[in-house]
Amino acid sequence: MKAEMEKIVSLSDGDSTAELQEYLSSLTDDQLITVITTSALKRKKIGTVIKGIFKGSPPSAPEGCSRRLLLYQHCIPLCESGDLQADVAADIIGLLMLETHNLPGPSLAQLASLFVEAIKGGMMGSGKSLELFPTVLTALAACEAVSYGKGELSGEEYKKQLINSLCSSRDVPLAPEELQFVVEKVLRMFLKLELQEIPPLVYQLLLLSAKGCKKQILDGIISYFKEQDLRQEEERKDGESMDLEVQSIPQDQLRHVEGTTILHIVFAIRLDHELGREFLKSFKTSYGELCPFSIALLLSVARIQRYEEQVFDLLKGAIIKSYKDEQLQQGSKFLQDLLPEHCSVAHMILDTVKNSVFGWDHVTQGLVQLGFFLLDTFGPRPGPFGKASEGSATIAKSPTQQACKLGGRILLEGFKVHEPIRGEILEQVLNRLVTKTASPVNHFIELFSDIVVSAPMILLESSSKVTETFDHLSYLPLATVQGLLKAVQPLLKVSMSLKDALILVLRKAMFSSQLDGRKSAVTGFLLLLKNFKVLGSLASSQCSQTISSSQIQVDVHSRYNSAANEAFCLEILSSLRRCLGQQADVRLMLYEGFHDVLRRNSQLASSIMQTLLSQLKRYYEPEQDLLPPVKLEPCITAQGDQVFLQEPLAHLVSCTVHCLLWLQSSRPSALRNTDDSDDDQDEEEEGYQSELQTILESMTRRMIKSELEDFELDKSAEFSLGSSVGVKNNIYAVLVMGVYEVLIEYNFMKGNYSKSRFEELMELFNRYHKLADILKEKSGKGRVLSKTPRSLLTMGFVSTLLTMLFRDSTLSREEALSVLRSSGEFLRYSVSVALQKIQQLEETGHTDGPDGQNAEKTFRFLCDMTSVLMWRYTNIPSVVEEAGRKEKRSSLSLLCLEGLLRIFTTCQQRYPDKMAQLLSAMDISDDDTEPDNGNVTEITFFYIRQFQRALFTQLSGGEEEFNSKEAQLLVSILSVLSRQLKPSSQQFVQMITWTVKICKETSFEDSAFCKGLLSLLFSLQVLYKSPAGLLLELCQDIHSQLGDIDQVHTVTEFTIFRAKHTSSLLLVLSQVDRVLDEVDWLIAKKKTQQALEKSSAGKEPLPLMQDPVEKAVTLQLGTLLTALNELVQTALLPGTCTDTLLRELTRTYTILTTLVKYCIQLCSGQQGVLPARFEKLVKLSGSHLTPQCYSFITYAQAKLLRETKAIPNLIFSIEQYEKFLITLSKKSKVNLMQYMKLSTSRDFRINAASLDAALQEQDGSQQEAEETQEPKHKRRKQ
């Protein structure tokens, strides 16, 4: 072979390429291979030989191409064989690299396949030739087309196929550390690849996961997409702020890639359950690892039956924990400063809903399930006796309420964007409304209402489902029916078929055997009357009462079908007239609804007023000389011995009065604009109006003349609810009082500030007051009526009345108003009714009577009342009203103050965004410094100062002048208003400073007031900084006030504590518990973080830097231990305080044990490094607190005459703490036990009395042996 080699070298050096080509063609493939092998092994001119072969094999000729390919195919295995010297192999690979780009596509494809097969077969010995592989791939990518199978692919596509094939290295035998290396390498490559290349690579990685590294692979994929989502979000925000379109990755492309990846992972989990278990395990430790992508993945995995329950439980736990953590963090400045902003799982889930628009059909089903799962799990629970609490709070506050609201939002957003799931969502919501009759369904009604408002036309496509639900109306609870009909009301305006179906159902319900069924029919008919306008009805703003949060504004039933509407409305009215013969509850609903119907459909006035007039005449005594003017007997009915109310007469009169007043105030202006053609109608109206007016005037005159004896309700009457006569008299009394109230309102509104009219009004009130006193006196004895019947005065009237009584200074009205103002009882009554109305608004969200359901008007009345009550309280001090105190009841000032407290509380709950507006209405200041009404903090603080002054005045008087109730109300008001201040504001700091000052200077012996003041201090302190330092000061003062166990007294700072103040001490201990909660939460968070850092490689925390959370935990515990050290030396009174302190001590040691366990975990991973200050904490607990605890236990055992579990629990927790300290000492090589003192032996307790008796017996005995053996015997027994 030497000759051939020499020939190739010599020809290659010459100029004749044709001769070289001819010679190489004459050699067979075997001969050529032998030449290359020999020269390579003998290191003889191998470079020149290879160059010669390249020179004599032009790539343009087929023969040249095949020879070049042969050279590559032979040289690559030769270099990997290990027979060549390293430098020779390097030279060969270098030469081959230079000529790779000259190879044609098919040759490159064959060469690349050779590499892939060699890698998969594990034939790459030294791996030297792998340097050539990227060059081959690069050249291949540059090719336009390469044959692949039966078709063709571009070079780029062929390269991708090769990479995927190569990455599918499941055929390659790998050791665990090699597998880990491959996985890490591939995951790092993700960032360098194009988005479209990710799903195939993920697929190959998942195949590889069968060999191991499951967690690493899943975590890597999820963290990649989490990063991409964050990047996209940042780009979106940047784009919004700069008004630029900045997108490195198109959103739709990213979402589609994510969707494909999710499908791959779910498919892999179906086949490999071990992968599924590993996937779920990684989320069980911390919800912090969740992101929109992983939530979408979880919901897709939930479609696999065996994982469904686990996934939803996991998400439920994560959502609740997220809300709880958020609540804890928001309520503590200490935690806010320490930790970054909370990551909300709710936001992630709602992001997942948004992202699922991009064809994530495999996720949508999971979203629907999750939504209903949250609504069912966290929905409102039935109250006592299975009743739902009336009215729902406007803001979801607790974590469970927020989780329930989130379920509704998921379904609503899903309904808007996903057409395929709409039918299912609607069906499930309506099914629950029908089937869940035993528990409240407000949350489902709210969701249904939102769906109707957001997509009414879409809903009409599924109107058959709504119609089916109507069939069940008469069997559903009344609250459900009312909610459902209000929600569906916008649809009735655009769908005749739906309206007709509802009317049919309501007509049937009218004859239902169930009372609730008939009440449902009345509700439905009234709703229809309010919403189908008859042509010519007044379209005034005062008519537009809101039924639901939003309505379809376009009224389809306009001019052309108003006649049909009128006929339809009159037909409904005739159906409703039948109800006037039914039970009182049904009639009551009619009377409460007629006024709203009239205002929205004034054309029905004649029909409604005639109905009311004829009903009223049944109970009205037409003979003008007869007293009383109303017949009470027909108003009741008897069944056997039982007496029932049949006709709510007062409500009937009330409804008539309000309808009449509204017609009289609105019609004159309307009538001026009408033609003469309506003369007949006008005459008819004037007819019934004047008749009603005559009746009401006559009733007023005769009710004033009537004595209580005329109603058989004098002092001698029986009011016991145990007898039928007593029940009848109670019903009569409530009806008569109601009629008095309605006539009071009517006469005030019609009186036009006439003195004689107001004198009549006072006569009515005196009769009312006399009857109310009798009822109160009689019920007080028999303990029957727990509270006054609800007043029939309307909120609007009460608001007007208060303004007139306290703030109207018009000269022309003064004489008339002085009639009302001169009666202290009438003033008290007016404020008391206002309180009752505000309380009803707070509890239910609405009040009785006209405008009671109108949130805007109610709020306006609330503002007016606030202004009046505030003016009355600040301008007439309670000290002036000595008479009130002598009579052992609240003075008028106190009632005003209570009203203000209720208003502020109600506003915060029902109108949270309107607090500044409410405060702006209180124009009471004669001060120069007017608040800036635009600034919530400033205006709130302005009024806070007013109340602070009032409280200071209370406290600066002597203890004799101190009014405890007023002081408590002022503290409660300050507490409510301070929630409006921003904790970062200067005013908030001033508020804290003032509260601390008051606490330090107050020394009144009033337990309830002191408790309120301390509560205020703590609620402010937690939003400003950690309360631990304050607790230490307070504990030192408690110690000083109550004395040491051996009674040593010192000077104290917080004189708020006295021996009687058990409640204040319990409040301090509850605050200790709160600090312990925060510490416990922080330690748990650190433990989770530590576990995550341990599991993820390359995230070792820096041991040199002190962790801020660890530092904060040790400092907090240190301060708490010092505070508790003060308390355990205090001579506490036996009872609740001692028990609570023992429990708090137990909890403190339990948390110290948790911290020790965390340090053990830390030491095992960090070469035994303990957190700084930890040793000091152990020293403090061991040498200071523990010995004092044992002394306190002895003191408690002597004081407590009963056994308590708290003592053994405390001893156990101390011993557990010491046990784990021993373990930590061994791990950390630090002797922590040197600070622990030997505890008292507590195996048994010697009963001193029994011991004395035994010793006396032994003295009388002669046997010495028995004397010595007795104790041993006793000890063994113990």
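Quick notes
- Excluding ligands, DNA and RNA, the accessible surface per residue across region 59-121 is 41 Å² with a 1.4 Å probe.
- Per-residue HN-Hα couplings for region 723-731 [Karplus 6.51, -1.76, 1.60; θ = phi - 60°; Hz; x = Gly/Pro]: 10, 5, 5, x, 5, 4, 5, 4, 4
- Among 328-334, 1230-1236, 371-377, the order from most to least packed when residues are scored by Cβ within 10 Å on average: 371-377, 328-334, 1230-1236
- Cβ-Cβ distance of E227 and A1172, R₀ of 41 Å, FRET efficiency by 1/(1 + (r/R0)^6): the value works out to about 0.75.
- For V630, distant residues with modelled amide H under 5 Å away: E621
- The Rg/Rh ratio of region 685-793, with both radii computed over alpha carbons and Rh defined as the Kirkwood radius, is 1.04.
- Directionally averaged projected area (convex hull, Cα atoms, region 1-173), nm²: 10.3
- Backbone geometry of region 1018-1033 corresponds, through the Karplus equation with coefficients 6.51, -1.76 and 1.60 at θ = phi - 60°, to 3J(HN,Hα) couplings of 5, 5, 6, 4, 5, 8, 9, 6, 5, x, 4, x, 5, 4, 4, 4 Hz, x marking Gly and Pro.
- Here region 1-173 exposes an accessible surface that is 53 percent carbon and sulfur, computed with a 1.4 Å probe and the other protein chains kept in place.
- Working note: Cα gyration tensor of region 378-534, eigenvalues times five, square-rooted, sorted largest first, giving semi-axes of 24, 21, 13 Å.
- In this structure, Y1024 and K914 have a Cβ-Cβ separation that, at R0 = 41 Å, corresponds to a calculated FRET efficiency of about 0.95.
- Two-decimal log10 I(q)/I(0) for region 711-753, as the Debye equation yields it once each C-alpha is a single scatterer, q = 0.34 Å⁻¹: -1.09
- Label-point separation, D15 to I1222 (7 Å along Cα→Cβ), nm: 9.9
- The label-point distance for R381 and E697, in a model that sets each label 7 Å from Cα toward Cβ, rounds to 6.0 nm.
- Residues H595, H347, ordered by accessible area of protein heavy atoms at a 1.4 angstrom probe radius and largest first, appear as H347, H595.
- In this simple spin-label approximation, W1081 and T48 carry label points 7 Å from Cα along the Cα→Cβ vector, and these lie 8.4 nm apart.
- Solvent accessible area, Å² - F1220, 1.4 Å probe, full protein context: 40
- Flagged links, alpha-carbon separation over 21 Å, of K530/K837; K321/K436; K397/K1111; K159/K215; K226/K1087; K211/K281: K530/K837; K321/K436; K397/K1111; K159/K215; K226/K1087
- Computed from the Cβ-Cβ distance with R0 of 22 Å, the FRET efficiency linking S497 to V417 stands at 0.20.
The values are calculated or read from the model by the stated rules, or taken from the named source; none is laboratory data. All of these numbers come straight from a predicted model, not from anything done at the bench. Cβ coordinates were reconstructed from backbone atoms using ideal geometry, including for glycine residues, and neighbour counts include every protein chain displayed. Just so you know, the surface numbers come from the protein's heavy atoms only, side chains and all, with ligands and any DNA or RNA stripped out. Shrake-Rupley method; radii C 1.70, N 1.55, O 1.52, S 1.80 Å.
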